Every structure is written in structure tokens, then in C-alpha cells.
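Visitor: I have a structure I would like to understand better, so I am pasting it below and will then ask my questions one at a time.
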Amino acid sequence: MDDRPNRRPVLVLCLVFLAAAVLPPALLGSPKEDPCARAGREAVLAPSSEPGERLRVEGLVFAPDGTTPVEGAIVYAYQTDATGRYATPPARTPRLRGFMKTDREGRFSYDTIRPGSYPGGRNPAHVHHQVWGAGYPAQWASDLLFDGDLLVPEAER
């Protein structure tokens with residue numbers, strides 16, 4: 001008989017704590033409060049009252065083969081405001097954010113503003129994207145960078 005302790009409950013507990021630390025708090029609420037359950041193909045990250053240059057972003061999510069569109073993937077996008085801040089005062093959850101669910105062709109879109117670079121920083125202005133679901137694990141997608149931003153490294157242009 002094996003006298004080693006069963007570590008499976010500890011592993012499950014660690015995964016629960018990891019999810020609580022990594023996932024946005026809204027994702028851990030009830031299905032009624034879950035923004036993923038309510039997500040459609042389009043979202044508004046920045047309302048029309050938000051100062052800044054207006055943008056419409058349209059994207060596609062593909063399977064690892066690079067050609068098959070993924071239906072039903074969740075895309076979470078978040079960014080700073082035009083001054084380069086996620087929230088004022090600083091908060092855990094970015095103020096300008098949105099959840100989308102891809103359609104049959106893997107499409108999603110959102111309305112927002114052009115973000116600002118971090119105050120005093122050297123990072124270019126960017127929009128973060130995370131993608132998960134539809135049978136694929138959570139992963140970071142490439143940040144959306146902007147043409148003409150002098151902080152974008154030459155190798156990324």
C-alpha cells in the first residue's frame with residue numbers, strides 16, 4: 001500500500017487560488033454577472049464621452065493552424081486612457097476594458113480611443129489582448145501597437 005499523502009486536493013486548491021489571483025474578479029462571479037456569458041462580437045472599451053482619438057478595432061482569432069477561424073473564443077481587451085493611466089487612482093481592474101465572443105468567422109471588434117503611453121515610461125502606447133475558450137487554453141495575444149509611435153522598437157514596426 002502506498003503511504004504517500006494524496007496531493008490532488010492541494011493541487012486543486014492551488015489552481016483555485018491561482019485563478020482567483022489571475023482572472024479578472026468579474027469572471028469569478030455568478031453567470032448573470034459574468035461578462036463572458038454576456039459577451040457579443042462587439043464591445044465598447046471607451047464610451048463616446050472618453051477623451052481621445054476614437055478608434056474602431058476589428059480582429060480575427062484563428063486556430064493554431066493559422067487558417068481555421070475559431071468560433072466562440074473570448075477576447076478580453078484592456079488599455080490605458082489617453083493620459084497613459086489604467087485607472088485613477090490606481091486600481092486592480094483597468095477602467096477601459098471589454099469582453100467579446102468571436103462569431104462563426106472568428107471575428108470580433110471594439111470601439112475605443114488611442115491609448116497613451118505610461119507616464120514617464122518608455123513603453124509604446126498599446127492595447128492588451130487575452131484570448132481563451134472554444135477548446136483552447138488562455139493565452140496572451142500580441143499587443144496592438146500604433147504606427148507613428150516613436151516608442152515602438154524598430155524590430156516591431
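The values are calculated or read from the model by the stated rules, or taken from the named source; none is laboratory data. All of these numbers come straight from a predicted model, not from anything done at the bench. Backbone-built Cβ (ideal geometry, glycine too); neighbour counts: all protein chains shown. Areas reflect the complete protein model, heavy atoms only, side chains present, ligands, DNA and RNA absent. Shrake-Rupley method; radii C 1.70, N 1.55, O 1.52, S 1.80 Å.
Visitor: Within the stretch 85-117, which residues are hydroxyl-bearing (Ser, Thr, Tyr), closer than 24 Å to residue 136 by Cβ and assigned to a strand (DSSP E or B)?
Guide: 109, 110 - these are the residues of the stretch 85-117 that are hydroxyl-bearing (Ser, Thr, Tyr), closer than 24 Å to residue 136 by Cβ and assigned to a strand (DSSP E or B).
Visitor: Among the candidates 151, 145, single out the residue that is touching a His at 6+ places or on another chain (Cβ under 6 Å) and either at pLDDT below 95 or aliphatic (A, V, I, L, M) (or both). Walk me through it before giving the result.
Guide: Values: 151 fails: touching a His at 6+ places or on another chain (Cβ under 6 Å).
So the residue among 151, 145 that is touching a His at 6+ places or on another chain (Cβ under 6 Å) and either at pLDDT below 95 or aliphatic (A, V, I, L, M) (or both) is 145.
Visitor: Let me ask something additional. Can you name every residue in the stretch 65-84 that is small (Gly, Ala, Ser), assigned to a loop (DSSP other than H, G, I, E, B) and buried (at least 19 other Cβ atoms within 10 Å of the Cβ)?
Guide: Passing the criteria: only 73.
Visitor: Now for a separate question. Give just the number: which of (1) open to solvent by 20 Å² or more (accessible area, probe 1.4 Å); (2) modelled with pLDDT of 95 or more does residue 32 not satisfy?
Guide: (2)
Visitor: Applying the selection to the stretch 35-64, what residues are in a loop (DSSP other than H, G, I, E, B), modelled with pLDDT of 95 or more and open to solvent by 70 Å² or more (accessible area, probe 1.4 Å)?
Guide: 41, 48, 49, 51, 53
Visitor: Taking residue 142, is it in contact (Cβ under 8 Å) with a residue 12 or more places away in the chain, among the hydroxyl-bearing types (Ser, Thr, Tyr) and open to solvent by 60 Å² or more (accessible area, probe 1.4 Å)?
Guide: yes
Visitor: Could I ask something else about it? Could you please let me know if residue 81 is closer than 18 Å to residue 61 by Cα and modelled with pLDDT of 95 or more?
Guide: no
Visitor: Now a separate question. How many residues does the stretch 140-156 hold that are assigned to a strand (DSSP E or B) and either touching a helix residue (DSSP H, G or I) at 6+ places or on another chain (Cβ under 8 Å) or of a type in the set (S, T, N, Q) (or both)? I'd like the intermediate steps shown before the answer.
Guide: Taking the stretch 140-156 as the starting set, the residues that turn out to be assigned to a strand (DSSP E or B) are 140-144.
Narrowing further to those that are either touching a helix residue (DSSP H, G or I) at 6+ places or on another chain (Cβ under 8 Å) or of a type in the set (S, T, N, Q) (or both): 142.
Selection size over the stretch 140-156: 1.
Visitor: Let me ask you something else. From the list 111, 147, exactly one residue is open to solvent by 80 Å² or more (accessible area, probe 1.4 Å) and of a type in the set (D, E, K, R). Which is it?
Guide: From the options 111, 147, the qualifying one is 147.
Visitor: Where residues in the stretch 118-139 are outside any loop (DSSP other than H, G, I, E, B) and out of contact with any strand residue (DSSP E or B) (no Cβ under 8 Å at 6 or more places or on another chain), which of them is surrounded by the fewest Cβ atoms within 10 Å (Cβ to Cβ)?
Guide: By that ranking, first place goes to 137.
Visitor: Being out of contact with any Cys (no Cβ under 7 Å at 6 or more places or on another chain), surrounded by 16 or more Cβ atoms within 10 Å (Cβ to Cβ) and either within 21 Å of residue 70 (Cα to Cα) or among the β-branched types (Val, Ile, Thr) (or both) is the filter here; which residues of the stretch 86-102 pass it?
Guide: Correct list: 98, 100, 101, 102.
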